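Student: This is the structure I want to talk about, given as structure tokens.
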């Protein structure tokens, strides 16, 4: 099982490339989606632009993604992040 996570508030081509790469690394791709509450803390009070239910439904419509979980924290065996991600 492979997993990646982010807020995915504004889905773009870089995200699609990330999902494709992550899916190629295992049999199942789990995407954890930052909750609305955690997203507004991480980004700004005007976020999210789309509520977590809508963001989850959009992600589940993509062929690379097998499961979506809304969460603040989850640990997996493999975490795949985009190239611009910096450790806190």
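The values are calculated or read from the model by the stated rules, or taken from the named source; none is laboratory data. Remember, it's a predicted structure, so these values are computed and weren't measured experimentally. A quick note on method: Cβ atoms are made from the backbone with ideal geometry, for glycine too, and the neighbour counts reach across all protein chains shown.
Student: List, please: which pairs have Cβ atoms under 8 Å, are six or more places apart or on different chains, and start with a residue in the stretch 21-32 that is on the phi < 0 side of the Ramachandran plot and end with one that is in a helix (DSSP H, G or I)?
Tutor: 29/19; 29/22; 29/23; 31/19; 31/59
Student: Related question: Among the residues of the stretch 44-83, how many are modelled with pLDDT under 65 and either in contact with a helix residue (DSSP H, G or I) (Cβ under 8 Å, 6 or more places away or on another chain) or surrounded by 11 or more Cβ atoms within 10 Å (Cβ to Cβ) (or both)?
Tutor: So in the stretch 44-83, the residues modelled with pLDDT under 65 come out as 44, 73-76.
Retained after the next criterion (residues that are either in contact with a helix residue (DSSP H, G or I) (Cβ under 8 Å, 6 or more places away or on another chain) or surrounded by 11 or more Cβ atoms within 10 Å (Cβ to Cβ) (or both)): 74, 76.
Total meeting the criteria: 2.
Student: A further question on this structure: Among what's in the stretch 27-41 and is surrounded by 15 or more Cβ atoms within 10 Å (Cβ to Cβ) and not in a strand (DSSP E or B), pick the residue that is modelled with the lowest pLDDT.
Tutor: The initial filter retains those residues of the stretch 27-41 that are surrounded by 15 or more Cβ atoms within 10 Å (Cβ to Cβ), namely 29-36, 38-40.
Among the residues that remain, those that are also not in a strand (DSSP E or B) are: 35-36, 38-40.
On the way: 35: 87, 36: 82, 38: 76, 39: 72, 40: 66.
Looking at residues that are surrounded by 15 or more Cβ atoms within 10 Å (Cβ to Cβ) and not in a strand (DSSP E or B), I get 40.
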